[in-house]
Amino acid sequence: MPDAPEPITSDLVIVGAGIAGLSAALFAAERGIDATLVGETGEILFASGLMDLLAVHPLEDGRTWEDPWAAIDALRRDIPAHPYARVETADIRAAFDALLGFLADQGLPYRRRTDRNVDVLTTMGGVKRTYCVPETAWGGVRAMEEKASCLLVDFDQLRGFSARQIASALEPRWPGIRTARIPFPGSTRGQYAEQLALALEAPGNREALAADVRACLGTARSVGLPAVLGLYRTEMISRDLRDRIGVPLFEIPILPPSVAGLRLRDAFHRGLTEKGIRLFPHHRVAAVRYEQTDKFVLDIAAPDGEHRLHGSALMLASGRFLGGGLRADRNGIRETLLDLRVHHPGERADWHRQDFLDPRGHPVNAAGLEIDDRFRPLNDGGEPAHERLFAAGSILAHQNWIRSKCGVGLAVASAWGAVKAYGPPTEGYASLSFEKYIDKN
Amino acid sequence: MHTQVLIIGAGVTGLGLARDLALRGISCIVVEQGDVNSGASGRNHGLLHSGSRYVSSDTEVAAECLEEADLLKKLAPQCVEETGGLFVAVEGDDESFIADFPHLCEKARIPAEALDIDDAREMEPCLSDRIIAAYAAPDATVDPFKLALQNFHQAHQNGTKLLRHHKVVGFKQSKGRLKSAHLVNTETGGAVFVEADQFVSAAGAWCGEIARMAGADMDMVYSKGSLAVTHSRLSERVINRLRKPADGDILVPGGTVSIFGTTSLRMDVPSDVRPTVREVDYLVSEGAAMIPEMETVRYIRAYAGIRPLIKSGDDGGDRSVSRGFILVDHADDGLDNFLTISGGKLTTYRLMAERTADRVCERLGVCRPCRTREEPLPTDPAWEWTEPGLAPREWIKHPDHEDPLLCECEMIPASVFDSVIGSIRAQGGTPNLKAVGLRTRMGKGACQGSFCGARVTGHLCDRGDLNSRDAQTELKRFLQERWKGERPILWGGQLIQSELKEAIYCGLLGLET
Ligand SMILES: Cc1cc2nc3c(=O)[nH]c(=O)nc-3n(C[C@H](O)[C@H](O)[C@H](O)COP(=O)(O)OP(=O)(O)OC[C@H]3O[C@@H](n4cnc5c(N)ncnc54)[C@H](O)[C@@H]3O)c2cc1C
Ligand SMILES: Cc1cc2nc3c(=O)[nH]c(=O)nc-3n(C[C@H](O)[C@H](O)[C@H](O)COP(=O)(O)OP(=O)(O)OC[C@H]3O[C@@H](n4cnc5c(N)ncnc54)[C@H](O)[C@@H]3O)c2cc1C
């Protein structure tokens, strides 16, 4: 047996680097908690960049809400076991304020109307109701509301994005919409959003793009493009293009793999490191066990060797099936790291509806970890599985983020709730984080 | 509209018949309620039977299969993969059946060679160590889509028309003859009448329904069979269980995947067939007896078809109903120009078409011999894309980075879709999403349409082949159709995939509303 690696000790170890884990690490840092985050970032790459809070409830009626907070109130009444029922509205607001403040500081500003959902264009030419959108997409929200004269631009090689498809769906309600296809500037020959976004980091490519757009601008008062306006300096690039073209631009969220997730990952990694969080990105936790009663021991397998983490508290933010926090076989569903009890809808024949698009959603999507009011997963006896074990994000039971449109909101709110449940802020931290991000409405 | 012969059903039988007649200079219209291979022809195992499976139960079918399979290997090699086949028994299987098998094969003149158990396991390492007997037989696999499309291609070149999305709902008759068929366009609801001299129902499991519309009588048995598709190819050869034909006993390779089946469940009506969770569980555990890794491999989908079996007197279960075909002359029902061809196998489709065409020619007073026994099936490159592995091979040979891969699982670039769309139009068809999907491998890979569904829809809109509103409807239809096959195999890897797919189409695009 090789020697066990020297353990790294922290008060709180968070597993999972999706929105839930990253947000939990942020909230922990702002409360002065000594925390380590370990997790692969695979799934965030699928993110759209939009942040939903809650748009649809109840699913059976498909009711969509303008006011997400009112929707949350209704949901709490109807589904008392929903994770939103375990966080106060004031806390969810504080969580969003903290997150958006942080992202803005990292050069990835978001926009919202504090008390109203907004509608965003989809690549199918439909609208998606969400809560916060990247600043670079806000122009699209406004353009759609005003139905002002607008030019949609697309590029030959970007798959799954057809300006013509979007525009022809909207034309009947939005006569001022036009389209143009232009060659992507420079020598970029790639089909991935990431390649296009990187190419636009170069000013020469931006000027070429701007020249082509100017040529077909006509009377358009804004220009919509697929969300590939840069990878790292999106704000600057979109401003620069606006200056060159002469009208505001907006990004339309594209199908995965998109760059929205890369931008978020990049902002979080930079910001969390600055805040003193120990990060083990791209690492997979191979095993977790309790040692004595006061310590979690995590074995991490990575290309650069093995690590061992000790934590006096553990937070699972490892996601669902896609994230890897849950795993199903023919006969059941398990939690992958500690084999915690998973609430699920019985036999496999009952996991999914006959129709993929059944508006009620699939029962299996409400499977997950049941928790107490302090975000601690419950064991078979309905007791917390461990005094200092917490869970946050989509791994939680009794929610269906896909259909309710509450993915990021649920991750952020539960991360906040779980960090709060972990314990009071270290002295000198509480007032700071709350004052800075207090909701102005 | 008028034609010499109206053929109902664009499965392999109907299209094989259209080709046969076209080669004899007879003009036909084929009408089909869905698209090519909407019935059993698009939902079978793809096994080109050497006949060995039927040596104990039906020697006539065995002989037909042997001869037809040989012909197809020779005349339509582009549709066939000569994999060879094994018959293997595991501990506990019927010893006397095992003992009789070589003799029965010999009697049927099917070359079946006894194999040493170790040799068999070396040939197919996936086999269980509990195998007790093994034989090699000349089984092969056939791509039913390519077969149907190439048959129609030649028929079309000789003047045959295909009306897709046209359902026969009734007939006009006078003086003991059918005058015209009443069709309804299933997309638009419009009515069409087609007059013909001769009418042939090649409607598979729906032949009973069609016969009743004409006032004739035919008793059909509907037997549903489900199959499960694995993510990777488990064996080089077809592997049959060496026992009396039963459920869950054949593994057929299909390009890069393997297909295991089947079940047999009696159904009341031949429509809306879906594979179920229970059937898949049954298949998995049954298959694991021969091939243990079937318990642990990833499955990407399942599907189900209806066997058109013609009812006979005694009822010994669906497996004992003959797999032979019948050609019914409805003159006995007082109709002089109406034939039904049903039952049989994919393997024997050519023979079924030949016999039917002979009778049609006799009726029409045309005296030209069948040519499909000698003449090779021509290959038109436009209809080759259903072959698993073809698109990736072509892409690797000539990668073109200006030509985006719209489907990554099967590596299908935009240019292939463009050529398929062009060919559909050239045959007078409408290139919607479903039609394109049927003529390529799109949506058949591991992602089951997660990415290619939206991308190809976008591409069709972009080209102007689809408008946005229809695009939504078609994409939804496409997703629901894929879902039928995914639902029963959603655990492990494929459940992860379906979660991603739902996140895209519902979470992000909101298609459920
Ligand atoms: C296609 C798609 C579109 C989406 N669109 C939207 C949208 O428009 N609006 C919205 O609000 N939300 C959207 N979301 C949802 C959102 O991005 C998050 O997926 C969701 O909020 C759940 O976040 P999570 O952090 O709980 O889980 P995940 O994002 O699944 O993160 C869990 C992480 O844990 C890691 N992990 C698991 N096990 C281990 C282990 N043993 N060791 C180390 N790491 C591990 C995984 O690698 C993963 O990165 C979308 C998601 C997808 C997939
Ligand atoms: C599960 C299963 C596995 C099989 N495996 C094999 C195998 O491995 N090897 C083998 O050789 N054979 C196999 N078979 C048998 C083989 O698939 C069939 O014998 C063959 O496909 C029958 O073709 P067909 O053209 O006669 O009928 P079908 O393919 O069923 O065609 C009938 C067509 O008629 C159309 N139609 C019906 N009603 C109407 C109407 N009112 N108006 C217009 N059109 C209409 C239908 O839409 C359909 O397209 C299998 C069958 C099943 C079900």
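Per this entry, B:Ala446 is not counted among residues that are within 11 Å of chain A (Cβ to nearest Cβ) and of a type in the set (Gly, Ala, Ser).
Picking from residues in the range B:203-232 that are open to solvent by 60 Å² or more (accessible area, probe 1.4 Å) and in a loop (DSSP other than H, G, I, E, B), the one that is nearest to ligand 1 (Cβ to nearest atom) is B:His231. Going residue by residue through the range B:42-57, is there one that turns out to be in contact with a Ser or Thr (Cβ under 8 Å, 6 or more places away or on another chain) and modelled with pLDDT under 95? Looking through the range B:42-57, at least one residue is in contact with a Ser or Thr (Cβ under 8 Å, 6 or more places away or on another chain) and modelled with pLDDT under 95.
Residue by residue, here is whether (1) buried (at least 21 other Cβ atoms within 10 Å of the Cβ); (2) within 14 Å of chain B (Cβ to nearest Cβ); (3) in contact with a helix residue (DSSP H, G or I) (Cβ under 7 Å, 6 or more places away or on another chain) holds:
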site: A:Lys275; (1), (2), (3): no, no, yes
site: A:Pro281; (1), (2), (3): no, no, yes
site: A:Val297; (1), (2), (3): no, no, no
site: A:Ala313; (1), (2), (3): yes, no, yes
site: A:Arg320; (1), (2), (3): yes, yes, yes
site: A:Gly325; (1), (2), (3): yes, yes, no
site: A:Ala328; (1), (2), (3): yes, yes, yes
site: A:Ile333; (1), (2), (3): yes, yes, no
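The set of residues in the range B:271-293 being surrounded by fewer than 21 Cβ atoms within 10 Å (Cβ to Cβ), away from chain A (no Cβ under 11 Å) and small (Gly, Ala, Ser) consists of B:Ser271, B:Ala288, B:Ala289.
Out of curiosity, is B:Gln472 under 16 Å from A:Thr122 (Cβ atoms), out of contact with any Ser or Thr (no Cβ under 7 Å at 6 or more places or on another chain), within 7 Å of another protein chain (Cβ to nearest Cβ) and surrounded by fewer than 22 Cβ atoms within 10 Å (Cβ to Cβ)? Quick ask: steps written out before the conclusion?
Numbers: under 16 Å from A:Thr122 (Cβ atoms): yes; out of contact with any Ser or Thr (no Cβ under 7 Å at 6 or more places or on another chain): yes; within 7 Å of another protein chain (Cβ to nearest Cβ): yes; surrounded by fewer than 22 Cβ atoms within 10 Å (Cβ to Cβ): yes.
Judged against the criteria, B:Gln472 is a match.
The one condition from (1) open to solvent by less than 40 Å² (accessible area, probe 1.4 Å); (2) touching a Leu at 6+ places or on another chain (Cβ under 9 Å); (3) among the charged types (D, E, K, R) that A:Arg265 does not meet is (1). The criterion of being away from ligand 1 (no atom under 16 Å from the Cβ), touching a Leu at 6+ places or on another chain (Cβ under 6 Å), open to solvent by 10 Å² or more (accessible area, probe 1.4 Å) and within 27 Å of B:Phe338 (Cα to Cα) holds for B:His166.
Against the numbered list (1) open to solvent by less than 30 Å² (accessible area, probe 1.4 Å); (2) not assigned by TED's automatic domain parsing to the domain that holds B:Ile250, B:Ser57 comes up short only at (1).
For every residue, the table says whether it meets (1) more than 8 Å from ligand 2 (Cβ to nearest atom); (2) within 14 Å of chain A (Cβ to nearest Cβ); (3) in contact with a Lys or Arg (Cβ under 8 Å, 6 or more places away or on another chain); (4) not in a helix (DSSP H, G or I).
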site	(1), (2), (3), (4)
B:Gly25	yes, no, yes, yes
B:Val30	yes, no, yes, yes
B:Glu60	yes, no, no, no
B:Glu68	yes, no, yes, no
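Of the strands (runs of 3 or more DSSP E) lying entirely inside the range B:84-154, the ones with 2 or more residues being surrounded by 15 or more Cβ atoms within 10 Å (Cβ to Cβ) and small (Gly, Ala, Ser) are found at B:85-90, B:131-137.
Inside the range A:178-261, counting only helices (runs of 4 or more DSSP H) that do not spill past its ends, which hold 1 or more residues that are free of Cβ contacts under 8 Å to residues at least 24 places away in the same chain, open to solvent by less than 30 Å² (accessible area, probe 1.4 Å) and closer than 28 Å to B:Leu509 by Cα? Walk me through it before giving the result.
Working: elements: A:193-199, A:203-215, A:234-245.
Fully inside the range A:178-261 and qualifying: A:193-199.
Would you mind finding the one in B:Gly458, B:Gly485 that is crowded, with 21+ Cβ neighbours inside 10 Å and in contact with a Lys or Arg (Cβ under 6 Å, 6 or more places away or on another chain)? Selected residue: B:Gly485, the only one of B:Gly458, B:Gly485 that is crowded, with 21+ Cβ neighbours inside 10 Å and in contact with a Lys or Arg (Cβ under 6 Å, 6 or more places away or on another chain). In the set (1) modelled with pLDDT of 95 or more; (2) away from ligand 1 (no atom under 13 Å from the Cβ); (3) basic (Lys, Arg), A:Arg334 fails one condition alone, (2). Selection over the range B:487-513 of residues that are within 7 Å of another protein chain (Cβ to nearest Cβ) and either of a type in the set (Ser, Thr, Tyr) or part of a loop (DSSP other than H, G, I, E, B) (or both) gives a count of 7.
From the list A:Ser149, A:Ser162, which residue is open to solvent by 20 Å² or more (accessible area, probe 1.4 Å), small (Gly, Ala, Ser) and outside the structural domain of A:Ala94 (by TED's automatic domain parsing)? Talk me through it step by step, then tell me what you get.
Details: A:Ser162 fails: open to solvent by 20 Å² or more (accessible area, probe 1.4 Å).
Answer to the selection: A:Ser149.
Restricting A:Asp358, A:Asp373 to residues that are in a loop (DSSP other than H, G, I, E, B), open to solvent by 40 Å² or more (accessible area, probe 1.4 Å), away from ligand 1 (no atom under 16 Å from the Cβ) and in the same structural domain as A:Phe46 (by TED's automatic domain parsing) narrows the list to A:Asp373.
Checking A:Ile92, A:Ile33, A:Ile72, A:Ile14 one by one, the residue that is away from chain B (no Cβ under 14 Å), within 16 Å of ligand 1 (Cβ to nearest atom) and under 17 Å from A:Leu314 (Cα atoms) is A:Ile14 and no other. The residue that is farthest from the chain's Cα centre (by Cα), among those in the range B:243-288 that are of a type in the set (Gly, Ala, Ser) and part of a loop (DSSP other than H, G, I, E, B), is B:Ala246.
The values are calculated or read from the model by the stated rules, or taken from the named source; none is laboratory data. Remember, predicted model here, so these are calculated numbers, not experimental data. Don't worry about glycine lacking a Cβ; one is built from the backbone with ideal geometry, like all the others, and counts go over all protein chains shown. Only protein heavy atoms, including side chains, enter the accessible area calculation; ligands, DNA and RNA are left aside. Shrake-Rupley method; radii C 1.70, N 1.55, O 1.52, S 1.80 Å.
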